[in-house]
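Student: Supplied in structure tokens, the structure appears directly below.
The values are calculated or read from the model by the stated rules, or taken from the named source; none is laboratory data. Computed from a predicted structure; not experimentally measured. Reconstructed Cβ throughout: ideal geometry from the backbone, glycine too, with neighbour counts over all protein chains shown.
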Amino acid sequence: MASLSDLQREALLAELGGLRKFCLSLTGKAADADDLLQTTVERVLAKGMPDDAHPAKWAYRVCKNAWIDELRSRDVRQKYPHLVVDETEVSPSAEHTAGGEREIAAVSAALEELSTDQRLALTLVAIDGKTYAEAAEILEVPVGTIMSRIARARKHLVEIYGSVDKS
Amino acid sequence: MSTSDHEILSQYLDGELGASQVQQLERRLGQEPGLRSQLERLQSVNASLVSAFDIPGADTVPASVTRMVTDSGNSNVIAFPQRHKAGLGFAVAASLLAASGLLFFDQSQPGVPAGTSIDTLLVQELENTPSRGDGWNLLADGRKMRPVLSFQRVDNTWCREYMLETQGQQWHGVACRSETQWTTAVLSPAEGLGSSAAEFRPASAGDTDQVQDFVDSQALDIALSLKREAQLIKDGWK
């Protein structure tokens, strides 16, 4: 596999914004999203991509793999302690956190309760707006698997949000 | 609530159901309060997901990452060149902003450097010559010109950064194209200029990097690839 062709490079450039948002939805923090995006781009540039690969889907797949590698190599709760939100204890600093950041932290904490497979499928479709077919290509699983993972993920999130509401 | 119903509701939210399935589900939703409440809960969760990440800056890519991609090519994607600010002792001799609506610099303006206005020869170069990293295109009147890169401006017009050498003096500028005309947007002496250029000092003189500032503030995106630029040249920048 050689370096990227002109078209692949331009397609990658066009996809960087979407990838950044995907990284943010996975990591829940801007600085970590930038790191994950950089790792993704480094890998794509270092390893290239097949001539017949769809550049955007390929880049998302590399990003997904980089994220999974990150999860495997570290305990995510150590690296991303902000994702573990104690709903019963609001520190003064949290009170001053911007509303958007608080919302991301809360949603990320809920997403953290999902399996990695469910989280990736739900993130691609619900947050990044991919179709089931596109998500299936990126995650290299059948469309039916995407459908069931997303349904289970949503069901789980409803339970999480329901328990928070009750408490 | 069955697993199957959950999957159907989830597909409904994602717009993945066929028309007949949608019709069937909506009929059921009208008849089954439990199903409807579950859909509302799922919609609420979904809205939280979407709104949490639908924030300004979520898709903002660090410039360093963009550069990694643009710099990885040989020359097929031209990154805006890294320019260092001139030293403190460097006196900028001239920096001209074309008056709004004017096609050419007014040659009669006192102190306007000769040979720098967008005349027919320069228009031909801007209109027809691909960008290049080095070397010069020799014009019929002896001046030398090099289009450096092309980019789309925030107002969706096309602009080209260029170098111009005339009367032993090098100039660095950006020209932008309206429907039919190329107009100089910014022009300043290139570094290492001779004394002649130092004689012209418009109001904006003193800003050491007018071209860089213009590109930074006006470029909609990164520089065009050579392929895209070639297509625009072929299409008359339409």
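Student: Are there any pairs, at least 6 apart or on different chains, whose C-beta atoms fall under 6 Å, with the first in the range A:42-57 and without any contact (Cβ under 8 Å) to a residue 40 or more places away in the chain and the second aliphatic (A, V, I, L, M), and if so, which?
Tutor: Final answer for the pair search is A:R43/A:V62.
Student: Just wondering, is there one or more residues in the range B:151-168 that are buried (at least 17 other Cβ atoms within 10 Å of the Cβ), modelled with pLDDT under 85 and over 20 Å from the mean Cα position of the chain (by Cα)?
Tutor: Checked against the condition, which is being buried (at least 17 other Cβ atoms within 10 Å of the Cβ), modelled with pLDDT under 85 and over 20 Å from the mean Cα position of the chain (by Cα), the range B:151-168 yields at least one hit.
Student: Residue by residue through the range B:98-140, note down the ones that are within 25 Å of B:K238 (Cα to Cα), at pLDDT below 50 and among the small types (G, A, S).
Tutor: Listed by number, the residues that qualify are B:A98, B:A99, B:S100, B:G101.
Student: If a residue must be away from every other protein chain (no Cβ under 11 Å), acidic (D, E) and touching a residue at least 60 places away in the same chain (Cβ under 8 Å), how many such residues does the range B:217-238 contain?
Tutor: 1
Student: When you go through (1) over 18 Å from the mean Cα position of the chain (by Cα); (2) at the interface with chain B (Cβ under 10 Å from one of its Cβ atoms) one by one for A:K47, which number turns out not to apply?
Tutor: (2)
Student: What pairs come out if I take residues in the range B:8-34 that are more than 14 Å from chain A (Cβ to nearest Cβ) and pair them with residues that are in a loop (DSSP other than H, G, I, E, B) and modelled with pLDDT of 95 or more whose C-beta lies under 7 Å away, six or more apart or interchain?
Tutor: Pairs found: none.
Student: If we scan the range A:63-70, do we find a residue that is over 24 Å from A:I127 (Cα atoms), modelled with pLDDT under 90 and either part of a helix (DSSP H, G or I) or in contact with a Cys (Cβ under 9 Å, 6 or more places away or on another chain) (or both)?
Tutor: no
Student: All but one of (1) of a type outside the set (S, T, Y); (2) assigned to a loop (DSSP other than H, G, I, E, B); (3) at pLDDT 90 or above; (4) closer than 26 Å to A:I104 by Cβ hold for B:G57; state the number of the condition that does not hold.
Tutor: (3)
Student: Among what's in the range B:36-61 and is in contact (Cβ under 8 Å) with a residue 12 or more places away in the chain and either farther than 26 Å from A:A33 by Cα or hydrophobic (A, V, I, L, M, F, W, C) (or both), pick the residue that is nearest to the other protein chains (Cβ to nearest Cβ).
Tutor: Only one residue tops the list, namely B:L42.
Student: Take the range A:1-22 and flag every residue that is more than 7 Å from chain B (Cβ to nearest Cβ) and within 30 Å of A:A106 (Cβ to Cβ).
Tutor: Residues satisfying the conditions are A:E15, A:L19, A:F22.
Student: Being part of a helix (DSSP H, G or I), more than 9 Å from every other protein chain (Cβ to nearest Cβ), of a type outside the set (S, T, Y) and in contact with a Leu (Cβ under 9 Å, 6 or more places away or on another chain) is the filter here, so list the residues in the range A:23-44 that pass it.
Tutor: Hits for the range A:23-44 are A:C23, A:L26, A:D32, A:L36.
Student: Looking at this structure, is A:Y60 surrounded by 19 or more Cβ atoms within 10 Å (Cβ to Cβ) and at pLDDT below 50?
Tutor: No: the conditions fail for A:Y60.
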